[in-house]
Amino acid sequence: MPTFARHILARAAVLVLSVCGVVVLSGPGASAATTADTACPASGHLTYTLARAANPTADQNAAYALITTAMNQALSVYNCQVNLTKALTVRYEPSVSTADANWNGTIRFGARSTMQQITAMHEISHTLGVGTVSAWSPKLSNGIWTGSNATARLRSITRDQAASVHGDRQHFWPYGLNYTSEVSSQADLVSHCLMVAALRQDMGL
């Protein structure tokens, strides 16, 4: 059984945000893809496939609809902001208390409250290595990230040359989207993507 990164997101009001005016179209079981948009500085290739039951129940269909919207919104931002490539597999697992994700590209949603864009972006970060690869922990010293790329990126975002990236066994902050309350604007979602890309650079990914 793979080790999944787990978290609990505050059950705050769901924020539905989009960046760069990207529109995402998908059908049942389709992979997400962004449309071309000149405002997007990147052209990422993060995609997903939603695993569906052969004869879904009403509960499953309702969950699939929520997850599809959440993943499409999440990937529209990621693919607009960073040039990363990975194929993800997404599942609805009612036994999962919140949501979790693994480096192997698997994301599992359980609770309805997690089937939204912010949680989806957080879980995508785990599939990209945040807290899920062996190179993660060695970059932390007393809860501070020691990698130069992520540190420089954070200082550029915050315009604070003394700012430090904080982390634990599975998460980072600020901009880790560990709680829905961390997001107040579209810029926070963009900063999350940029931070994930910088963390990956520091880990050699």
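Read-outs throughout are calculated quantities, based only on the coordinates presented, and are distinct from any laboratory measurement. This is a predicted model, so every value here is computed, not measured. With ideal geometry, Cβ positions are generated from the backbone for all residues, glycine too; neighbour counts draw on all protein chains shown.
Packing order of peptides 63-75, 101-113, highest average first: 63-75, 101-113 (average count of other Cβ atoms within 10 Å over each peptide's residues).
Order of ASP100, ASP168, ASP160 from fewest to most other C-beta atoms within 10 Å?
On the way: ASP100 22, ASP168 13, ASP160 10.
Going from least to most buried by this count: ASP160, ASP168, ASP100.
Taking amide H as placed 1.01 Å from N in the peptide plane, the amide H of HIS45 sits under 5 Å from that of LEU84, THR85, LYS86, each at least 5 places away or on another chain.
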